[in-house]
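A.B. asks: Okay, here's the structure, questions in a sec.
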Amino acid sequence: DDVGVTLVARLAARLVGEANAHGVPVVILTIPAPIGLAGGDAEYAAVVAAFERLVARGTNQLIVSDAMLRDVAARGGEPYLAHDGHLAPAGHRVVAAALASAVLRYEEDEEGDRR
């Protein structure tokens with residue numbers, strides 16, 4: 001019932017719908033705030049759940065980066081810039097790898113190789 005979550009979900013649905021109408025699949029990537037990396041952010045969890053419903057059918061994909069960024073932090077890496085909510089180089093690397101994998105899945109789908 002959170003108005004912010006509802007707005008984000010509706011905007012994402014509109015973006016995905018418009019892209020799909022033109023034959024363009026969408027990859028949605030979620031990145032938790034640094035302070036919420038350990039979990040417990042109910043609003044963020046609601047947004048992720050809304051995105052999961054949005055991509056449940058069709059060729060769109062959702063990448064939830066929480067576990068990847070937690071793994072970086074657990075290995076002693078810095079997924080976020082100090083005193084900032086932006087990704088640090090280690091965070092960018094792990095997110096880029098996940099996005100590359102998602103894009104490759106689309107390319108393979110287009111060629112009919114596998115899904």
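A.B. asks: Give the residues of segment 31-52 that are of a type outside the set (A, V, I, L, M, F, W, C) and at pLDDT 95 or above, sorted by residue number. Give the derivation first.
C.D. replies: Taking segment 31-52 first, the residues of a type outside the set (A, V, I, L, M, F, W, C) are 32, 34, 36, 39-41, 43-44, 52.
Of everything in segment 31-52, just one residue is of a type outside the set (A, V, I, L, M, F, W, C) and at pLDDT 95 or above, namely E52.
A.B. asks: Follow-up. List every residue pair whose Cβ atoms lie under 7 Å apart, where the two residues are 6 or more positions apart in sequence or sit on different chains, the first residue falls within segment 43-57 and is open to solvent by 70 Å² or more (accessible area, probe 1.4 Å), and the second residue, located anywhere, is of a type outside the set (A, V, I, L, M, F, W, C).
C.D. replies: E43/D2; E43/G4
A.B. asks: Is there a residue being free of Cβ contacts under 8 Å to residues at least 60 places away in the same chain, exposed (fewer than 12 other Cβ atoms within 10 Å of the Cβ) and among the β-branched types (V, I, T) anywhere in segment 58-70? Show your work before the answer.
C.D. replies: Step one: of segment 58-70, the residues free of Cβ contacts under 8 Å to residues at least 60 places away in the same chain are 58-70.
Cutting the leftovers down to exposed (fewer than 12 other Cβ atoms within 10 Å of the Cβ) gives us 58, 67.
Still in the list and also among the β-branched types (V, I, T): none.
No, every residue in segment 58-70 fails to be free of Cβ contacts under 8 Å to residues at least 60 places away in the same chain, exposed (fewer than 12 other Cβ atoms within 10 Å of the Cβ) and among the β-branched types (V, I, T).
A.B. asks: Would you be able to tell me the number of residues in segment 86-103 that are open to solvent by 40 Å² or more (accessible area, probe 1.4 Å) and either among the basic types (K, R) or over 16 Å from the mean Cα position of the chain (by Cα) (or both)?
C.D. replies: Step one: list which residues in segment 86-103 are open to solvent by 40 Å² or more (accessible area, probe 1.4 Å), which gives 86, 89, 92-93, 96-97, 99-101, 103.
Next, only the ones that are either among the basic types (K, R) or over 16 Å from the mean Cα position of the chain (by Cα) (or both) stay: 89, 93.
Adding up the residues that qualify gives 2.
A.B. asks: Sticking with this one: Working carefully through the options A90, A102, A96, find the one that is under 24 Å from V8 (Cβ atoms), assigned to a helix (DSSP H, G or I) and modelled with pLDDT of 95 or more.
C.D. replies: Details: A90 fails: under 24 Å from V8 (Cβ atoms); A102 fails: modelled with pLDDT of 95 or more.
Going through A90, A102, A96 in turn, just one is under 24 Å from V8 (Cβ atoms), assigned to a helix (DSSP H, G or I) and modelled with pLDDT of 95 or more: A96.
A.B. asks: Is one or more of the residues making up segment 28-37 within 26 Å of A88 (Cβ to Cβ) and open to solvent by 60 Å² or more (accessible area, probe 1.4 Å)? If you could, list the steps in order and put the result at the bottom.
C.D. replies: Going residue by residue through segment 28-37, those that are within 26 Å of A88 (Cβ to Cβ) are 28-37.
After this cut, where a residue has to be open to solvent by 60 Å² or more (accessible area, probe 1.4 Å) as well, the list is 31, 35.
Yes; the residues of segment 28-37 include at least one that is within 26 Å of A88 (Cβ to Cβ) and open to solvent by 60 Å² or more (accessible area, probe 1.4 Å).
The values are calculated or read from the model by the stated rules, or taken from the named source; none is laboratory data. Everything numeric in this text was worked out from a predicted model, so none of it was measured. All Cβ positions, glycine included, derive from the backbone under ideal geometry; neighbour counts span all protein chains shown. To get the accessible areas, we keep the full protein, side chains included, count just its heavy atoms, and leave off ligands, DNA and RNA. Shrake-Rupley method; radii C 1.70, N 1.55, O 1.52, S 1.80 Å.
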